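Please treat every number below as a calculation from the coordinates, not as lab data. Just so it is clear, the model here is predicted, and its values are computed rather than measured. Positions of Cβ are backbone-derived with ideal geometry, glycine not excepted, and every protein chain shown enters the neighbour counts.
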Amino acid sequence: MSETAERRQLWVEEPAERRRMPDPVRTAAVRAVLISAITLIQAMVAFLCTLADSWLAFPMVLSSVASTVVATWSVLDVWVTRQVWNQRHGVISAPASTARQLRKERRRARRSARRAPEGIRGRGGAGQLTHT
């Protein structure tokens, strides 16, 4: 009995080091991988058709070239989707140095100074307005 209790588990779940990719980015990445795989298969078929001196070689080479363009576009789509996601949803990061924290505090102070209520004189007016 003690042997079975002391046995190591077959599957041990560990926390992930990196967070999961956002859904739109992951979808674009899967699409890019599938398109790239199909492009590689097409290129291999075109090469083999060329070696076999088949009539299918020329159309396959043309479709491989077009497929390469589409695969490049899909890889760029992954990059653009990732950038758009980061811009829209932001990336949470902790400052690595105290200099960043000081800059952040100075920015906050400037913003609060700008938002402070100002009178007419504070805005550079010539003086008090009169009703004439």
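Per-structure values
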{"quantity": "DSSP-assigned coil residues among chymotrypsin sites (Phe, Trp or Tyr not before Pro) in the stretch 1-65, each with at most 14 further Cβ atoms within 10 Å", "calculated": "11, 55"}
{"quantity": "Nitroxide proxy distance, nm - points 7 Å out along Cα→Cβ at residue 18 and residue 88", "calculated": "2.2 nm"}
{"quantity": "Centroid-to-centroid separation of the stretch 1-65 and the stretch 66-89 [C-alpha atoms, Å]", "calculated": "17 Å"}
{"quantity": "Low-density loop cleavage sites - GluC sites (Glu not before Pro) in the stretch 1-65, where at most 12 other Cβ are within 10 Å (DSSP)", "calculated": "13, 17"}
{"quantity": "Low-density loop cleavage sites - trypsin sites (Lys or Arg not before Pro) in the stretch 6-40, where at most 14 other Cβ are within 10 Å (DSSP)", "calculated": "7, 8, 18, 19, 20"}
